[in-house]
1. Between Arg249 and Val40, how high is the FRET efficiency from 1/(1 + (r/R0)^6) when r is the Cβ-Cβ distance and R₀ = 35 Å? Nearest 0.05.
2. Starting from the Cα-Cα distance between Arg67 and Ala17, subtract it from 0.36 nm times their residue separation and give me the gain in nm to one decimal.
3. Put one equal scatterer on each alpha carbon of the stretch 140-265, apply the Debye formula with no solvent term, and list log10 I(q)/I(0) at q = 0.09, 0.12, 0.13 1/Å to two decimals.
4. Keeping all protein chains in place and using 1.4 angstrom, which order do Ile200, Ile139 fall into by accessible surface area, from largest down?
5. Kindly give the semi-axes, whole Å and largest first, of the ellipsoid equivalent to the stretch 185-239, taking each as the square root of 5 times a Cα gyration tensor eigenvalue.
6. Evaluate the relative contact order of the chain (contact order divided by residue number), counting alpha-carbon pairs under 8 angstrom at least 6 apart; express in whole percent.
7. Give, in nm to one decimal, the length gained when the segment between Arg80 and Phe198 is fully stretched (0.36 nm per residue of separation minus the Cα-Cα distance).
8. Rule-of-thumb check for the chain: C-alpha Rg over 2.2 N^0.38 Å?
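The values are calculated or read from the model by the stated rules, or taken from the named source; none is laboratory data. Since this is a predicted model, take the numbers as computed values, not measurements. Glycine also receives a Cβ, built like all others from the backbone with ideal geometry; neighbour counts cover every protein chain displayed. What goes into the accessible areas is simple: the full protein's heavy atoms, side chains included, and nothing from ligands, DNA or RNA. Shrake-Rupley method; radii C 1.70, N 1.55, O 1.52, S 1.80 Å.
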Amino acid sequence: MAHLLRKPTAQGGRIQAITPEDAGWRFVGFDLWRLAPGDVATGQLDGREAILVLVEGCADLIADGARLGEMGNRLDVFERSAPHCLYVPPAAPWQARATTQCTLAVCSAPSPGGRPVRVLGPDGIALEVRGTGTNTRYINNIAMEGRDVADSLLVTEVFTPAGHWSSYPPHRHDEDDYPALTYLEETYYHRLNPSDCFGIQRVFTDDLSLDETLAPADHDVVLVPRGHHPCAAPHGVEMYYLNVMAGPRRAWRFQTHPAFAHMNT
């Protein structure tokens, strides 16, 4: 089994590079770039679509020959404003030249192609509230099922206040049993405020054949190949994560852990 907690491999440039082969699954890929002003990130994915998310900072973007100009307006991810995002179809080259300090996420999954380059945000993305009490968190749905903007990718941002739980109650989406359940691989790209703190995430199956409790730090990525995957922000620590999901069907259907089913009523 692939290691579920992925640490950055560098301070700058491409600091995360997760492929399906590396993760030991079939669908989700995730790259993360940290760029200084003037630095350039490039890519081109055959047979795979991508959604570029400007997590922080600004960059001049080119995709499939189209010059999109400068995108990005959120200099600190914990501002909770809607992100600037760009859909890039398979085989289309793209380039991002940072105009400020910039954090760029590249979310990818298989696609037959046919969609054009498309700006996905900030227009069309509104901050939503989910949960109650210490389960309250705030969601930017970038490319979830309600937006027909991709063939495979489901992408969303979640802001979890200090002392709150998230991806909770525990739930799983690891079987292809539509409409009750869908098989979706998932990555969590974590940010913490203060940045030198940590969060908590547990990934476990009902039979506990997979049972890992992790302490992701700033810029860490957690892989969720199967099972439940709740996370928590310690007292005094805000948590942000960018979710990327993909599977054979672009639909998010999950099942709550039986011990927590009473929380759905």
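1. Here the calculated transfer efficiency is 0.45.
2. Length gained, Arg67 through Ala17: 15.5 nm.
3. Log10 of I(q)/I(0), two decimals: -0.25, -0.44, -0.52.
4. From most accessible down to least: Ile200, Ile139.
5. Semi-axes (√(5λ), whole Å): 22, 11, 7.
6. For the chain, the relative contact order is 19 percent.
7. Computed gain between Arg80 and Phe198 is 40.5 nm.
8. In units of the 2.2 N^0.38 Å rule of thumb, it is 0.95.
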